[in-house]
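Asker: Would you mind keeping the following structure in view while I ask a few things?
Any read-out appearing in this document is the output of simple, stated calculations on the displayed coordinates, not a laboratory observation. Model, not experiment: these values are computed from the prediction. Quick reminder, even Gly has a Cβ in these numbers, built from the backbone with ideal geometry, and neighbours come from all protein chains shown.
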Amino acid sequence: MSEAARRGMRSAQVGMLINAVLAVIKLVAGIVGNTYALVADAVESTADIVASFVVWGGLRLASRNPDEEYPFGYGKAESLAAALVAIMLIGAASGIAFEAIREIRTPHHTPAAWTRTRTSPGPGVRSSISSTRRDRSSWIRTARI
């Protein structure tokens, strides 16, 4: 396995770990603070975990050497993983939109005041992950991480 593939897979693994921590924080804060926005953000972070796992698997498979069954190699696995991630994100967005519309129509208690401020370092951490992935993508010459 090449160094580029190792770095790409490591980036996906670190993304999974960070998003798991963020998902738990957001979910707990959303439930305790009675705010659907944080619960939806936790769902989105969980979708990112699954997407990172798919990307990791695609990179791992694509890094395999050609064999008799696939003499041109497994490089298309990256593209298939990216397509699967896109489908998953569309599904997650549709689910969140459906639930948001349903929740708007239902009367609720006002969210706790502390949830109106930034309850986690999520946006900054996510920006950092995105920047790191973009740098790694150009280094290993793939747009899939």
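Asker: Ile96: net charge of surrounding residues, Cβ under 12 Å, Lys/Arg +1, Asp/Glu -1, itself excluded?
Answerer: That sum, taken over residues with Cβ under 12 Å, equals -3.
Asker: Right, something else. Between Leu17 and Phe98, what is 0.36 nm times their sequence separation minus the Cα-Cα distance? Round to one decimal in nm.
Answerer: Answer, rounded to one decimal: 26.4 nm.
Asker: Computed FRET efficiency, Cβ-Cβ of Leu80 and Ile31, R0 41 Å: what is it to the nearest 0.05?
Answerer: About 0.70, to the nearest 0.05.
Asker: Can you figure out the FRET efficiency of Thr110 with Val24, using R₀ = 30 Å and their beta-carbon distance, to the nearest 0.05?
Answerer: Computed FRET efficiency for Thr110 and Val24 comes out at 0.80.
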